[in-house]
Every structure is written in C-alpha cells, then in structure tokens.
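Okay, structure first, notes after.
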Amino acid sequence: MATVLLTAGPTALVGGGWVALDIRGSAAWPARRGEADAELRRHSQGDLGPATRTVSAGVIRHLATFMALGGVAFTLGGLLELP
C-alpha cells in the first residue's frame with residue numbers, strides 16, 4: 001500500500017501544484033477550450049448569442065489546490081507506512 005500511496009501522492013502533488021500555480025497557463029487553458037467548444041456547439045445549433053461561462057480558471061485553480069493537498073496527504077500516509 002505504501003508503494004501505491006508514494007506513487008499517487010507525488011503525482012497528484014506535482015500535477016495539482018502545476019495547475020494551482022497556473023504554470024504556463026495550465027489553469028486558463030481548459031477554460032478557454034471549454035468556451036471555444038461551447039461557442040462551436042451553439043453556432044452549430046443556430047444560436048449566435050453571447051457565450052455562457054461554465055467553469056472559470058479560478059475554479060480550476062481551487063480544485064487543483066485540493067488535489068495538491070490530497071497529494072501531500074497521500075505522500076505523508078505512504079511515508080508513515082514504510083517500515
């Protein structure tokens with residue numbers, strides 16, 4: 001079990017930290033992509049109105065922060081299980 005926790009923990013920590021700190025626009029990219037997809041979907045249905053915002057970069061950063069904190073917890077749990 002320690003191996004699983006020590007693999008998943010740092011992976012979640014690095015991935016979540018990368019997005020939470022918005023390194024190279026990683027938090028803004030899914031929001032821009034979602035807006036572009038929603039616009040294409042609306043245009044294909046004939047709706048030419050303004051775009052509706054679904055998820056902002058701030059929400060994505062908050063979720064990534066929780067993911068990074070979960071990675072810290074998994075890593076510490078894995079370290080506690082080592083003999």
Tilt relative to the chain, helix 2-20 - C-alpha long axis, 0 to 90 degrees, to 10: 40
message: Could you give the length gained by full extension between Arg24 and Asp37, i.e. 0.36 nm per residue of separation minus their alpha carbon distance, to one decimal place?
response: 2.6 nm
task: Using only Cα atoms, tell me the angle between helix 28-44 and the longest principal axis of the chain; keep it within 0 to 90° and round to the nearest 10.
output: 30
- line: Counting every C-alpha pair in segment 43-83, the percent lying more than 11 Å apart is 74
Helix 57-81 vs. the chain, principal-axis angle (Cα, 0 to 90°, nearest 10): 20
message: Suppose we take every Cα in segment 2-81 and form the convex hull; what volume per residue is that in Å³?
response: 87
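Any read-out appearing in this document is the output of simple, stated calculations on the displayed coordinates, not a laboratory observation. No experiment lies behind these values; they were computed from the predicted model shown.
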